[in-house]
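Following: one structure in structure tokens, then a few remarks.
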């Protein structure tokens, strides 16, 4: 079973697949590399994937090359997570983007307005992930109200 590794923090310029492959060539010919490029510009999107044949070899690659310099940047290497299928998606259809993709403003807004209900007091409490931001907003509103 082959293991796919995520290689991040690549320069956002022209990254040659052969140059990246040369970093991993000591692990044998079974290692393959794929640089992910922007369709419009053809430049590297900042990451690539390396596929190795075994889990042990994947651990060796991570141990040896994670944090190594490549084209004036420090590589970040970790085991790639499989893409997840969307709810209701059927077999054979196009998979959804990985969790590392950028979130849209609408999904971010939905998360900011999430609240939880406290069972002990019955009052609505803010989502703890946004409590600090909410406290800052309350302070800003109070300061603005006192200035008028």
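The values are calculated or read from the model by the stated rules, or taken from the named source; none is laboratory data. Predicted model, so just to flag it, every value in this text is computed and none were measured. Note: ideal-geometry Cβ built from the backbone for every residue, glycine included; neighbour counts use all protein chains shown.
In the condition set (1) modelled with pLDDT under 80; (2) surrounded by 12 or more Cβ atoms within 10 Å (Cβ to Cβ); (3) in a helix (DSSP H, G or I), residue 96 is compliant with all but (3).
Looking only at residues of the range 68-85 that are more than 17 Å from residue 26 (Cα to Cα) and free of Cβ contacts under 8 Å to residues at least 12 places away in the same chain, we find that the one that is farthest from the chain's Cα centre (by Cα) is 85.
Filter the range 61-73 down to residues that are over 11 Å from residue 10 (Cα atoms) and surrounded by 14 or more Cβ atoms within 10 Å (Cβ to Cβ), then give me how many there are. Residues meeting the conditions: 5.
For the range 109-118, indicate whether the set of residues that are in contact with a strand residue (DSSP E or B) (Cβ under 9 Å, 6 or more places away or on another chain), modelled with pLDDT of 70 or more, on the phi < 0 side of the Ramachandran plot and part of a loop (DSSP other than H, G, I, E, B) is non-empty. No, the range 109-118 contains no residue that is in contact with a strand residue (DSSP E or B) (Cβ under 9 Å, 6 or more places away or on another chain), modelled with pLDDT of 70 or more, on the phi < 0 side of the Ramachandran plot and part of a loop (DSSP other than H, G, I, E, B).
Yes/no matrix, rows are residues, columns are (1) within 15 Å of residue 65 (Cβ to Cβ); (2) loosely packed, with under 14 Cβ neighbours inside 10 Å:
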residue: 3; (1), (2): yes, no
residue: 7; (1), (2): yes, no
residue: 14; (1), (2): no, yes
residue: 19; (1), (2): yes, yes
residue: 26; (1), (2): yes, yes
residue: 38; (1), (2): no, yes
residue: 41; (1), (2): no, yes
residue: 45; (1), (2): no, no
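Taken over the range 34-57, the criterion of being without any contact (Cβ under 8 Å) to a residue 24 or more places away in the chain and outside any loop (DSSP other than H, G, I, E, B) is satisfied by 34, 36, 37, 56.
Of the residues making up the range 17-28, just one is under 14 Å from residue 72 (Cα atoms) and within 22 Å of the chain's Cα centre (by Cα), namely 20.
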